[in-house]
Amino acid sequence: MSTTTQSLHTNVDASEHPIAPFLRMDRMPHIWCPTCGIGTIVKCFASALEQTKVDLDKTSIVSGIGCTGRVAGYMKLDAFHTTHGRAIPFATGLKLGRPELLVTVFSGDGDLSGIGGNHLIHAARRNIDILCILVNNFIYGMTGGQNAPTTPVSARSSTMPYGNFEHPFNLVHLAASCGAPYVARWTCLHIRRLTKTFAEALTRKGFRFIEVIAPCSTLYARLNKLGSGLDLMRFYHDNAEIKHGADTREAEIGFQDRILCGKFVDIEKPTFTELMHEHYTKTLGDRFVPMKPEGGWIHE
Amino acid sequence: MKADPAGVLTGVHYLDGDFACGEGAMAAGCRFVAGYPITPSTEVVERISRRFPMMGGTFIQMEDELASMAAVVGAAWTGTKSMTVTSGPGFSLMMENIGLGAMMETPCVVVNVQRGGPSTGLPTMAGQADMMQARWGSHGDYEPIALSPRSPQEAFDFTIDAFNLAEQYRVPVFVMMDECVGHMTEKVVIPPAEEIEIVPRKLTEKPPGEYLPYQNNGNKVPEFARAGDGYRFHTTGLTHDERGYPEMSEECQEKNVSRLLEKIRGSADKITRFVENETDGADVVVLSYGITARVARMGIDLARKKGVKVGEIRLEVVWPFPEKRIRELSKKVKAFVVPEINYGQMVLEVERCAAGRAGAILVPHAGGGVHDPESISSAILGAVK
């Protein structure tokens, strides 16, 4: 992948901003609130794309619905803004339909672990070869601050006005226990570590799950009187605890409690497609015809 | 172009409708199927999962029908022809991403082997009560295409037609089978690959900088770019402009939705397909589709023996509905008799097109079997009294 290909089809010079060539600058300004963490994470992801020099022409990004669901729409890649919760199965189809693609799912906690939770666990179980970036802001942002499957106990949301009494997901533990071979968590304060993790994950295979804790000052912070986005970043600074290889059972997140960060899982494991090829080669021998890397499309 | 021989099982076979449908998909060039088991449709994917590994196809059994349909829409964007298969309860779950497929203008095929409903209904027994769901099931305005086979041979043929129509108009196309056809075993002739006409996907020839994913190219069907070909396009389920960028305005909504509707409505005469017999001078015309068309034939013969002039319209393509022809006929006949395995769905279309000029008499059946031919013949006799 050459830098020339990377800067194709964009009229924005890299000198304007180092990640401008990776964005749809004709769609700026974006819709995210001031001090929202999603933009920072997009910056880290674009930096990782730049560092790894992956072939951007063969890179697709898929989002669901919600604040983070808008990420696909701002990335200058083949980009799919799909239905609520279905980014992972949509991405599964893309990857299996054209196996040479590098497919990233970029969406939020409500989208991927609430309405789309079933797809998350099954993609991890099958080890579908996609990179899954989940931005966790502990709340449904786009719809106005409703309770999420990630809202910490006792935190307030617009639908838990007296505080949340449900147990939230420990998402890194969920992904790891379902078999994801690469599992990490950072907050969006950890921009260098996050970029490094994205870059590493881009070159790994299988279902790579990266959770990024992000501030939502408009809703989560306001409803819980936690101050501004900057105050939340300060909170991450004081309360994030980096522990690579930690037992993910310890990674639960309580309200205004410590946030365990790091790379928790990084193992070699055959992907769905590799297992399928291996199995059919064994059982069918020469009769097995795998799908071509460019897909099973029929053309003249 | 002609079919890829790898997917064509040329010969004379004794197959049930489900297997024949699976063979039709493979002959049409389908190479990605995502599905979730549901009676009475499962044999379609069982057939495909057995044969796909030998022709470069990938089958995946997803965690549910929401995921199956999402995966099919995703795979279709790679250019790989894609399909899912289900029955009523699964069809309900698929509606979400059928809407996405319609909005993103994604060529793909959805087979619904109908059973009795509502809800879990009669899993192992016939129904035709999802016809309006095929038309209106997902929210918002869009125009689907649907076909309804009456035999295993048609299950094979119409599944190929469904893929061709999906490619031509960039819409999800439905094959509305029923349990009876799905589980009925008959002779199926699969021709040689060079005799099967395939519509290939029309890829854009424009360079990436000039390509607009949703540009109206005169016939209202935009040109396609595959994911991974360097176009770096954007597509969304949100209302979008020609660039595929979301735009929340009445003007953009009007432009977007009217083109989605017009690309089908404007070509309805080319898409609608039906068989018409002995309607000249007929007092009554029986309109039917799927398995019911075969029972209706017996009902028609019984009525003829009693001297009634009965014509027949058998729908092959059920959506879009042949409005024009029904309007014309309504000026000449006394009544249409519409037997269907539901309590009145396609009859509503007949009634709408007849607009009081001719009667529209439903012969209902709640599901679980097919009509007694006599119920149809007595409705015909009643219509001319």
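The values are calculated or read from the model by the stated rules, or taken from the named source; none is laboratory data. Please read all numbers here as calculations on a predicted model, not as lab measurements. Here Cβ is always computed from backbone atoms with ideal geometry, including for glycine, and neighbour counts include all displayed protein chains.
Which one is nearest to B:T236 (Cα to Cα), of the residues in the stretch A:83-111 that are in a helix (DSSP H, G or I) and more than 9 Å from chain B (Cβ to nearest Cβ)?
Selected residue: A:D111.
Which condition number in (1) more than 11 Å from chain A (Cβ to nearest Cβ); (2) more than 19 Å from B:A162 (Cβ to Cβ) is the one that B:R50 fails?
Only one criterion in (1) more than 11 Å from chain A (Cβ to nearest Cβ); (2) more than 19 Å from B:A162 (Cβ to Cβ) is unmet by B:R50, namely (1).
Just to confirm my filter: which strands (runs of 3 or more DSSP E) fall fully inside the stretch B:8-127 and include at least 2 residues that are over 23 Å from A:I128 (Cα atoms)?
Fully inside the stretch B:8-127 and qualifying: B:11-16, B:108-116, B:122-126.
For the stretch A:11-55, give me each residue that is of a type in the set (G, A, S), crowded, with 18+ Cβ neighbours inside 10 Å and under 23 Å from A:N136 (Cα atoms).
A:G37, A:A46, A:S47, A:A48
Which count do you get for residues in the stretch B:102-124 that are touching a Leu at 6+ places or on another chain (Cβ under 7 Å) and of a type in the set (A, V, I, L, M, F, W, C)?
Final tally of qualifying residues: 1.
More than 17 Å from B:A129 (Cα to Cα) and buried (at least 21 other Cβ atoms within 10 Å of the Cβ): which single residue out of B:V285, B:V384 fits that description?
Of the residues listed, the single one that is more than 17 Å from B:A129 (Cα to Cα) and buried (at least 21 other Cβ atoms within 10 Å of the Cβ) is B:V285.
I'd like the full set of residues that are within 13 Å of chain B (Cβ to nearest Cβ), in contact with a Cys (Cβ under 7 Å, 6 or more places away or on another chain) and buried (at least 24 other Cβ atoms within 10 Å of the Cβ), limited to the stretch A:124-141.
A:A124
Determine which member of the set B:K220, B:K202, B:K206 is surrounded by fewer than 20 Cβ atoms within 10 Å (Cβ to Cβ), modelled with pLDDT of 95 or more and not polar (S, T, N, Q).
That would be B:K206, the only listed residue that is surrounded by fewer than 20 Cβ atoms within 10 Å (Cβ to Cβ), modelled with pLDDT of 95 or more and not polar (S, T, N, Q).
Quick one: which of B:P208, B:P222 is farther than 20 Å from B:G266 by Cβ and not hydrophobic (A, V, I, L, M, F, W, C)?
B:P208
Condition first: facing another protein chain (nearest Cβ under 7 Å), crowded, with 24+ Cβ neighbours inside 10 Å and not in a loop (DSSP other than H, G, I, E, B). Now tell me which residues in the stretch A:57-82 satisfy that.
Scanning the stretch A:57-82 gives A:S60, A:D78, A:A79, A:F80, A:H81.
Out of the residues in the stretch A:204-231 that are within 18 Å of A:T40 (Cα to Cα) and without any contact (Cβ under 8 Å) to a residue 24 or more places away in the chain, which is nearest to the chain's Cα centre (by Cα)?
So, considering only residues that are within 18 Å of A:T40 (Cα to Cα) and without any contact (Cβ under 8 Å) to a residue 24 or more places away in the chain, the one nearest to the chain's Cα centre (by Cα) is A:A221.
So is B:E328 acidic (D, E) and within 19 Å of B:D178 (Cβ to Cβ) or not?
Judged against the criteria, B:E328 is not a match.
Give B:L66, B:L9 a once-over and let me know the one that is more than 7 Å from chain A (Cβ to nearest Cβ) and touching a residue at least 24 places away in the same chain (Cβ under 8 Å).
B:L9
Test B:G237 against the stated conditions and say whether it is more than 10 Å from every other protein chain (Cβ to nearest Cβ), out of contact with any Phe, Trp or Tyr (no Cβ under 6 Å at 6 or more places or on another chain) and not charged (D, E, K, R).
In short, no.
Please find, among A:L8, A:L49, the residue that is farther than 23 Å from A:G229 by Cβ, modelled with pLDDT of 95 or more and either out of contact with any His (no Cβ under 7 Å at 6 or more places or on another chain) or at the interface with chain B (Cβ under 9 Å from one of its Cβ atoms) (or both).
A:L49
Exactly one of (1) at pLDDT 95 or above; (2) surrounded by 13 or more Cβ atoms within 10 Å (Cβ to Cβ); (3) not in a helix (DSSP H, G or I) is unmet by A:A221. Its number?
That leaves (3) as the condition not met.
Taking the options A:A184, A:A180, A:A175, name whichever one is under 17 Å from A:K269 (Cβ atoms), outside any loop (DSSP other than H, G, I, E, B) and in contact with a Lys or Arg (Cβ under 8 Å, 6 or more places away or on another chain).
A:A184
Mind listing just one residue for me: the one in the stretch B:242-251 that is surrounded by fewer than 14 Cβ atoms within 10 Å (Cβ to Cβ) and in a loop (DSSP other than H, G, I, E, B) and, of those, nearest to the other protein chains (Cβ to nearest Cβ)?
Among residues in the stretch B:242-251 that are surrounded by fewer than 14 Cβ atoms within 10 Å (Cβ to Cβ) and in a loop (DSSP other than H, G, I, E, B), the one nearest to the other protein chains (Cβ to nearest Cβ) is B:M248.
Could you please find all residues in the stretch B:139-189 being surrounded by fewer than 24 Cβ atoms within 10 Å (Cβ to Cβ), under 14 Å from B:V110 (Cβ atoms) and either in contact with a Phe, Trp or Tyr (Cβ under 8 Å, 6 or more places away or on another chain) or of a type in the set (K, R) (or both)?
If the condition is that a residue be surrounded by fewer than 24 Cβ atoms within 10 Å (Cβ to Cβ), under 14 Å from B:V110 (Cβ atoms) and either in contact with a Phe, Trp or Tyr (Cβ under 8 Å, 6 or more places away or on another chain) or of a type in the set (K, R) (or both), then B:P144 is the only one that fits.
Across the stretch B:12-47, which residue is nearest to the other protein chains (Cβ to nearest Cβ) among those that are buried (at least 18 other Cβ atoms within 10 Å of the Cβ) and among the charged types (D, E, K, R)?
Only one residue tops the list, namely B:R31.
Here are B:G344, B:G311, B:G359: which of them is within 21 Å of the chain's Cα centre (by Cα) and over 25 Å from B:A155 (Cβ atoms)?
When all the criteria are applied, what remains is B:G344.
Pairs under 8 Å by beta carbon, first residue within 10 Å of B:E340 (Cβ to Cβ) and free of Cβ contacts under 8 Å to residues at least 60 places away in the same chain in the stretch B:274-301, partner of a type outside the set (D, E, K, R) and in a strand (DSSP E or B), six or more apart or different chains?
B:S288/B:I313; B:S288/B:L315; B:S288/B:V338; B:S288/B:P339
Answer yes or no as to whether A:F169 is in contact with a Cys (Cβ under 6 Å, 6 or more places away or on another chain) and among the aromatic types (F, W, Y).
Answer is no for this residue.
Here is a yes/no grid of residues against (1) surrounded by 24 or more Cβ atoms within 10 Å (Cβ to Cβ); (2) touching a residue at least 60 places away in the same chain (Cβ under 8 Å); (3) within 21 Å of A:G179 (Cβ to Cβ):
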position	(1), (2), (3)
A:H84	no, no, no
A:L96	yes, yes, yes
A:P99	no, yes, yes
A:V103	yes, no, yes
A:S113	yes, yes, yes
A:G116	yes, no, yes
A:H122	no, no, yes
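Would you confirm whether or not the stretch B:184-192 contains a residue that is within 10 Å of another protein chain (Cβ to nearest Cβ) and either touching a Gly at 6+ places or on another chain (Cβ under 7 Å) or farther than 20 Å from A:F80 by Cα (or both)?
No, the conditions are met nowhere in the stretch B:184-192.
Restricting to the stretch A:228-270, what's the tally of residues that are at pLDDT 95 or above and either among the aromatic types (F, W, Y) or in a loop (DSSP other than H, G, I, E, B) (or both)?
Qualifying residue count for the region: 19.
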